[in-house]
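J.: Before I ask anything, let me first share the structure, which is written out below as structure tokens.
The values are calculated or read from the model by the stated rules, or taken from the named source; none is laboratory data. The structure presented is a predicted model; accordingly, all values stated were derived computationally and were not measured. Positions of Cβ are generated from backbone atoms using ideal geometry, with glycine treated the same way; all protein chains shown enter the neighbour counts. With ligands, DNA and RNA removed, areas are computed over all heavy atoms of the protein, side chains included. Shrake-Rupley method; radii C 1.70, N 1.55, O 1.52, S 1.80 Å.
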Amino acid sequence: MSVDPNAATQGFPGPGRARPGPHPARYLVPALVAAAVALALGVYGKVHDPAGTAFNLAGFSSTGAVKSWLATAAMFFALVQLVSAAMLYGRLPGPAWSGRLHRWSGRAAFLIAVPVAVHCLYALGYQTYETRVMWHSLLGCFFFGAFSAKMLLLRSERLPGWLLPVVGGLVFAVLTIIWLTSALWFFRTFGVTT
């Protein structure tokens, strides 16, 4: 009986075989967390008795102006996220520090968006009296769920190359629609005020 010393051993991948990617069920946890976050926010917003106001900042004429400017700042940092992501993926030329720019602009966008969401949920709740408001409420809850999934996926190893850009693009698109149905609507209705 002769043994071929160059034959691949069973149980070990040969030099030509790629390691299999993670099992698709691995993405179930981020998806379930996203659904749970979105659902919890929506349920809280629906069953909570709206307080009418949650905060106001000195120098602003109304809470609507505060929310609109904070949402606009979050949208600005989200645009920085989009451009820096394009740099990271080689779609645009960028500096060596584009990774840090991407991380810190994402943190800034999230931290600025949180007080806006808290005000929306606590002061106004989940409302559906008008199409614009219904989409804003629905997508506001969805945004924080999708953002949670993105954060969980960032820590996963061996992601397919397309997954993170798709989830990040979804988060950006949803935030854009939220901004269009809130801050832009406010500025068009009441003027660009502080």
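J.: Within the range 85-107, take every residue that is of a type in the set (Phe, Trp, Tyr) and more than 19 Å from Trp162 (Cα to Cα) and give me the one that is least open to solvent (accessible area, probe 1.4 Å).
T.: Trp97
J.: Take the residues in the range 152-194 that are part of a helix (DSSP H, G or I), open to solvent by less than 80 Å² (accessible area, probe 1.4 Å) and β-branched (Val, Ile, Thr); name whichever of them is nearest to Arg132 (Cα to Cα).
T.: Thr181
J.: I would also like to ask the following. Is there a residue being under 23 Å from Pro30 (Cβ atoms), touching a residue at least 12 places away in the same chain (Cβ under 8 Å) and open to solvent by 40 Å² or more (accessible area, probe 1.4 Å) anywhere in the range 121-141?
T.: Scanning the range 121-141 turns up at least one residue that is under 23 Å from Pro30 (Cβ atoms), touching a residue at least 12 places away in the same chain (Cβ under 8 Å) and open to solvent by 40 Å² or more (accessible area, probe 1.4 Å).
J.: If Val114 meets every condition in (1) more than 16 Å from the chain's Cα centre (by Cα); (2) within 20 Å of Leu39 (Cβ to Cβ); (3) exposed (fewer than 14 other Cβ atoms within 10 Å of the Cβ) apart from one, which number is that one?
T.: The failed condition is (1).
J.: Is at least one residue of the range 90-110 more than 23 Å from Leu154 (Cβ to Cβ) and of a type in the set (Phe, Trp, Tyr)?
T.: Within the range 90-110, the first condition is being more than 23 Å from Leu154 (Cβ to Cβ), and the residues that meet it are 93.
With the extra rule that they be of a type in the set (Phe, Trp, Tyr), the set shrinks to none.
No, there is no match, as no residue in the range 90-110 is more than 23 Å from Leu154 (Cβ to Cβ) and of a type in the set (Phe, Trp, Tyr).
For every residue, the table says whether it meets (1) over 28 Å from Gly161 (Cα atoms); (2) among the aromatic types (Phe, Trp, Tyr); (3) at pLDDT 90 or above.
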{"position": "Asn6", "(1), (2), (3)": "yes, no, no"}
{"position": "Gly11", "(1), (2), (3)": "no, no, no"}
{"position": "Gly21", "(1), (2), (3)": "no, no, no"}
{"position": "Tyr27", "(1), (2), (3)": "no, yes, no"}
{"position": "Pro30", "(1), (2), (3)": "no, no, yes"}
{"position": "Ala34", "(1), (2), (3)": "no, no, yes"}
{"position": "Leu39", "(1), (2), (3)": "yes, no, yes"}
{"position": "Val43", "(1), (2), (3)": "yes, no, yes"}
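J.: Looking at Leu82, Leu70 in this structure, which one is modelled with pLDDT under 95 and either among the aliphatic types (A, V, I, L, M) or crowded, with 19+ Cβ neighbours inside 10 Å (or both)?
T.: Criteria check complete, one pass: Leu70.
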